[in-house]
Amino acid sequence: MTEQELDRIMRRVLIDSLKTEAEQPMEEQAPLFEETSRYRRQMHAMLVNPLRWLHRREHTVWRKAAQRIAIIFLVCVLTFGGVMVFSPTARATVVRWVIEWYGNTINYLYTGEQNMEELPQYGVLELPDGYIETARDIAPGLVAVTYEDQNGDVIYFDYSFMHQGTQTDFILTDDVVVDVMVDQMDGKFIESHIPGNFNSLTWIAPDLNIQFAIEGCFDLEGLLHMAESISLCNLLK
Amino acid sequence: MLSFFLAVLESDADRQMFAAIYDQHHSQMECVAIKILKNQSDAEDAVQNAFMQVIRHFEKIYQIPCENLPFWLISIVKNEAYMILRKNKKTVPLEDWSAFSKRAADVSDYDALVELFSELPDTYRQVLEMKVLLGYADEEISAHLGISKTAVSTRASRGRQLLKEILEKEGFQL
């Protein structure tokens, strides 16, 4: 028997075992699948443009992983950052951030003094029509806000304190990086040439010791407009 | 790779086909996910992850006979659900292949063979389904299941060997 014949039979056996399983009645204890409105929105977005939805969902998964990494770095800072308090030399040689390029990654590496204060809560005031805030994840030194419209289209707005031991990475695929100014602050516009991919705008506010980033399917003008409308917000609203 | 996706799913015909697949099969996929995970949020994640796989491998849709498509989709969503289950439990159950393979001696007809394969240890079945049914490369399976490429290859060859032995012993003509 050849490998191909064996695989053909294996395929048939596996399909038949799946059929047998599917014919078995549902357990009474199994809960019903009751779709949430978020799931409905996301599936609608998937049907409108499957590729764009895929890129966004991949981006979300990567973003969650990046947030976890950032939190791990912050834990390291809390553990070892005490050295800074007792070392005047270390305090004196503080440099706030460096930008490094590794292959397809732009890496913002912070070396600034640790800030134990709570991050202020910022929001985007000038959102495109139909977008509302749907999630705000607040972690030590990091806030990630999600805005969504009825089609499931998403804008991400993240910001973090520039602490020693933390970093922000932008992974480039087929992107062009352009230096820009956001309210007289240095920033970079990362423009993807892949249709449906997100563009990103990031900038550093040295006075606040915060790096901001907005990502979405918008051009530079659209992202700049949103970036320049960022303001402190009242979460009790 | 990305440009390949674009070539495959950019046309209106492909999108219509994708929408038709969703309309016809999403309910069954959702039932399978909730049955395994018993948690709405995890089940939604499993179904969405399954559709991510469908989009990534959309070119394969055209090679699958229509009558097998529902089971191809069920296989994908089951694998995604078991992955979530495994992540949530943070442990990997022990799988005793030698005890399982001894049951091959009891197989006397095709139905018994199908029943035996429906009770394969989880990772063995996932590897065989992903490799033989879904056509994934070993690297993809390894990354997806979080096991080494050697473990993927071992599971695939053990499964094939077991099937070969049963076929030779019983002389099935399939």
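The values are calculated or read from the model by the stated rules, or taken from the named source; none is laboratory data. Model, not experiment: these values are computed from the prediction. With ideal geometry, Cβ positions are generated from the backbone for all residues, glycine too; neighbour counts draw on all protein chains shown.
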inquiry  = Any residue in the range A:21-42 that is at the interface with another protein chain (Cβ under 7 Å from one of its Cβ atoms) and under 15 Å from B:Ala33 (Cβ atoms) sitting within a Cβ distance under 9 Å of a residue that is at pLDDT below 75 and assigned to a loop (DSSP other than H, G, I, E, B)? List the pairs, counting only those 6 or more apart or interchain.
reply    = none
ask   = Do we have B:Ala81 as of a type in the set (A, V, I, L, M) and crowded, with 17+ Cβ neighbours inside 10 Å here?
value = yes
query = Does A:Gly112 fit the bill of being at pLDDT 80 or above and more than 20 Å from the chain's Cα centre (by Cα)?
reply = no
request  = Tally the residues that are assigned to a loop (DSSP other than H, G, I, E, B) and touching a helix residue (DSSP H, G or I) at 6+ places or on another chain (Cβ under 7 Å), restricting the search to the range A:196-218.
outcome  = 3
ask   = Say we look at the range A:184-201 and pick out the residues that are at pLDDT 90 or above and hydrophobic (A, V, I, L, M, F, W, C); which of these is farthest from A:Asn49 (Cα to Cα)?
value = A:Met185
query = What are the residues in the range B:26-54 that are more than 7 Å from chain A (Cβ to nearest Cβ) and of a type in the set (Asp, Glu), if any?
reply = B:Asp42, B:Asp45
query = Right, B:Phe58: of a type outside the set (A, V, I, L, M) and in contact (Cβ under 8 Å) with a residue 40 or more places away in the chain or not?
reply = yes
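Tell me the residue from A:Gly82, A:Gly103 that is away from every other protein chain (no Cβ under 14 Å), surrounded by fewer than 17 Cβ atoms within 10 Å (Cβ to Cβ) and either at positive phi or modelled with pLDDT of 80 or more (or both), please. Spell out how you get there, then give the answer.
On the way: A:Gly82 fails: either at positive phi or modelled with pLDDT of 80 or more (or both).
Unique residue meeting the criteria: A:Gly103.
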ask   = In this structure, does B:Val47 turn out to be surrounded by 17 or more Cβ atoms within 10 Å (Cβ to Cβ), part of a helix (DSSP H, G or I) and either in contact with a Leu (Cβ under 8 Å, 6 or more places away or on another chain) or at positive phi (or both)?
value = no
task = Kindly indicate whether any position in the range B:85-107 is closer than 29 Å to B:His57 by Cα, within 13 Å of chain A (Cβ to nearest Cβ) and out of contact with any Cys (no Cβ under 9 Å at 6 or more places or on another chain).
result = yes
request  = Could you tell me whether B:Ala19 is at the interface with another protein chain (Cβ under 9 Å from one of its Cβ atoms), under 21 Å from A:Leu51 (Cβ atoms), among the hydrophobic types (A, V, I, L, M, F, W, C) and in a helix (DSSP H, G or I)?
outcome  = yes
task = Please go through the range B:114-154 and pick out each residue that is crowded, with 18+ Cβ neighbours inside 10 Å, within 13 Å of chain A (Cβ to nearest Cβ) and farther than 20 Å from B:Trp72 by Cβ.
result = B:Leu116
query = Got a sec? Which of A:Glu34, A:Glu58 is on the phi < 0 side of the Ramachandran plot and at pLDDT below 85?
reply = A:Glu58
request  = Consider A:Met162 carefully, then state whether it is farther than 23 Å from A:Tyr131 by Cα, modelled with pLDDT of 85 or more and surrounded by 15 or more Cβ atoms within 10 Å (Cβ to Cβ).
outcome  = no
inquiry  = Please pick out the residue among B:Glu80, B:Glu59 that is in a helix (DSSP H, G or I), under 16 Å from B:Glu129 (Cα atoms), among the acidic types (Asp, Glu) and more than 9 Å from every other protein chain (Cβ to nearest Cβ).
reply    = B:Glu80
